[in-house]
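The values are calculated or read from the model by the stated rules, or taken from the named source; none is laboratory data. Please read these numbers as outputs of a predicted model, since none were measured by experiment. Please note: Cβ atoms are built from the backbone with ideal geometry, for glycine as well, and neighbour counts cover all protein chains shown. These accessible areas exclude ligands, DNA and RNA; they are computed on the full protein's heavy atoms, side chains included. Shrake-Rupley method; radii C 1.70, N 1.55, O 1.52, S 1.80 Å.
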Amino acid sequence: MKNVYVVGVGATRFGKFLDRSVKDLAREAVNLALKDAGIEQASIDAAFFANATQSVMEGQHMIAGQVALRSMGFEHLPVFNIENACASGSTALHLACAHVAAGSSEIALAVGVDKMYSADKALSMSLFDGALDVSRPDAIEADLKGLAGDMLEGEAGPATVRSRFMDVYASLAKFHMRTHGTTQEQIALIAAKNHRHSTLNPLAQYQQDITVEEVMRARVIAWPLTLPMCAAIGDGASAVVVCGRSALDRFERSRAVRVRASTLCGSSDRPAEDLARHVGRIAALKAYEEAGIGPEDISVAEVHDATSFGEIQQTENLGLCPIGEGGRFAATGATSLGGRVPVNPSGGLVSKGHPVGATGLAQVHELVTQLRGEAGARQVEGARLAIAENGGGFYGVEEAVACVTILGD
């Protein structure tokens, strides 16, 4: 990505906000990003609005971005509505960067927002049902059983209302365990690490420290995943302002963060065993090539840990460790604050929260804060290059879409 810079970021706290609207949350995040950039609304040339659940929750099936942004005073602004499952926010940023890089605008806004909590818990959990191919439910069930193989011990007890995606991640985790020797304790260690990180993040949905033993003893959601290993639904919003080189002099250059790469890839029909062709890995390799760097150059990462197993898979996809070594890599302490390459210093999705349309932009919010040296107690010392991985949906044996963003000098 040439000559595109992040010049403003803003985010609400993630949590359960039954009394706040999509408009209200979007307004807070956008105003924070504009203030951070030091500009007014009139400076924005185009907006990219990410939202994945409002159509199901509220019936706002169309023009969600126009409705939300008009309510806070934007007029005559081209607004692009983006729905790309859990990768909606990063997709919005990808398109905003491309818009600026193409010269179609000088300054663009990417905003992601979702409200997922409802008094009807079954409705909230049903939000993810459409992120799978709804035309082939029996085939999906067979695919998941194939991934799990004979690792069926320790299944959940009484049925609970939960997202279908916990079953997806449980099957992926079982496949990794029987193929590479990953253990439930390694997954628990990552969950505990991210809950510990979240105690240093005032925007995190959960800010309670929890030990590995407590994670292991917690209620099983879908074995091997216990409750603290699983991201909760959430309400919240994030926003990012990007500009081209032609507009950079209008901002404080010392706080501008260059977008080195932004790649977006779709899934394939690869066999489950062919992890070298995982969509996340393909997106990462393209991003490293675009940025002209390698995984060894990365200082800090934010990855899509919708469950703590997801962090194992994505650290491998990003090349931070070899394929199959993600659990053991985390066990060395390398991905903790103070380690070789801290992963999810924000607390990750399992603790920071996961209002899906906001998630990808919240990752960028965290990484920009780190690269500016403004992360306080969770600051990664000497952070220079950062990477974000954000996945969405599920198709075949992997995410339907993966977006990787590299930021830094």
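Determine, yes or no, whether residue 173 is part of a loop (DSSP other than H, G, I, E, B), in contact (Cβ under 8 Å) with a residue 12 or more places away in the chain and surrounded by 18 or more Cβ atoms within 10 Å (Cβ to Cβ). Steps first, please.
On the way: part of a loop (DSSP other than H, G, I, E, B): no; in contact (Cβ under 8 Å) with a residue 12 or more places away in the chain: yes; surrounded by 18 or more Cβ atoms within 10 Å (Cβ to Cβ): yes.
Considered against the rule, which asks whether it is part of a loop (DSSP other than H, G, I, E, B), in contact (Cβ under 8 Å) with a residue 12 or more places away in the chain and surrounded by 18 or more Cβ atoms within 10 Å (Cβ to Cβ), residue 173 comes out as no.
What are the residues in segment 83-97 that are surrounded by fewer than 24 Cβ atoms within 10 Å (Cβ to Cβ) and not hydrophobic (A, V, I, L, M, F, W, C), if any? Of everything in segment 83-97, just one residue is surrounded by fewer than 24 Cβ atoms within 10 Å (Cβ to Cβ) and not hydrophobic (A, V, I, L, M, F, W, C), namely 83.
Of the residues making up segment 184-206, at least one is among the charged types (D, E, K, R), within 25 Å of residue 359 (Cα to Cα) and open to solvent by 40 Å² or more (accessible area, probe 1.4 Å). Of all residues in segment 49-74, those satisfying the criterion of being open to solvent by 10 Å² or more (accessible area, probe 1.4 Å) and in contact (Cβ under 8 Å) with a residue 60 or more places away in the chain are 51, 52, 54, 56, 57.
Taking residue 126, is it under 20 Å from the mean Cα position of the chain (by Cα), of a type in the set (S, T, N, Q) and crowded, with 21+ Cβ neighbours inside 10 Å? Criteria not met by residue 126. Checking each residue in segment 220-253 for being open to solvent by 10 Å² or more (accessible area, probe 1.4 Å) and either among the acidic types (Asp, Glu) or free of Cβ contacts under 8 Å to residues at least 40 places away in the same chain (or both) picks out 227, 249, 252, 253.
Would you check if residue 381 is of a type outside the set (A, V, I, L, M, F, W, C) and over 29 Å from residue 57 (Cβ atoms)? Against the criterion (of a type outside the set (A, V, I, L, M, F, W, C) and over 29 Å from residue 57 (Cβ atoms)), residue 381 qualifies.
For every residue, the table says whether it meets (1) without any contact (Cβ under 8 Å) to a residue 40 or more places away in the chain; (2) assigned to a strand (DSSP E or B); (3) aromatic (Phe, Trp, Tyr); (4) farther than 25 Å from residue 352 by Cα.
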{"site": "19", "(1), (2), (3), (4)": "yes, no, no, no"}
{"site": "93", "(1), (2), (3), (4)": "no, no, no, no"}
{"site": "105", "(1), (2), (3), (4)": "no, no, no, yes"}
{"site": "109", "(1), (2), (3), (4)": "no, yes, no, no"}
{"site": "112", "(1), (2), (3), (4)": "no, yes, no, no"}
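In segment 312-327, the residues that are without any contact (Cβ under 8 Å) to a residue 60 or more places away in the chain reach residues that are assigned to a loop (DSSP other than H, G, I, E, B) and of a type in the set (S, T, N, Q) with C-beta atoms within less than 8 angstrom, at least six apart or across chains, in these pairs: 315/335; 320/335.
Checking each residue in segment 31-49 for being part of a loop (DSSP other than H, G, I, E, B) and farther than 19 Å from residue 254 by Cβ picks out 40, 44, 45. Answer yes or no as to whether residue 273 is part of a helix (DSSP H, G or I) and acidic (Asp, Glu). Criteria not met by residue 273.
State yes or no: is residue 52 under 14 Å from residue 240 (Cβ atoms) and of a type in the set (Gly, Ala, Ser)? So residue 52 fails the test.
Residues that are under 19 Å from residue 256 (Cβ atoms) and either of a type in the set (Phe, Trp, Tyr) or surrounded by fewer than 24 Cβ atoms within 10 Å (Cβ to Cβ) (or both) within segment 5-35 comprise 5, 10, 32, 34, 35, listed in sequence order. Within segment 98-111, restricting attention to residues that are over 14 Å from residue 1 (Cα atoms) and either at pLDDT below 95 or among the hydrophobic types (A, V, I, L, M, F, W, C) (or both), the residue that is surrounded by the fewest Cβ atoms within 10 Å (Cβ to Cβ) is 107.
Taking the options 209, 150, name whichever one is modelled with pLDDT of 95 or more, in a loop (DSSP other than H, G, I, E, B) and among the acidic types (Asp, Glu).
Details: 150 fails: modelled with pLDDT of 95 or more.
The conditions single out 209.
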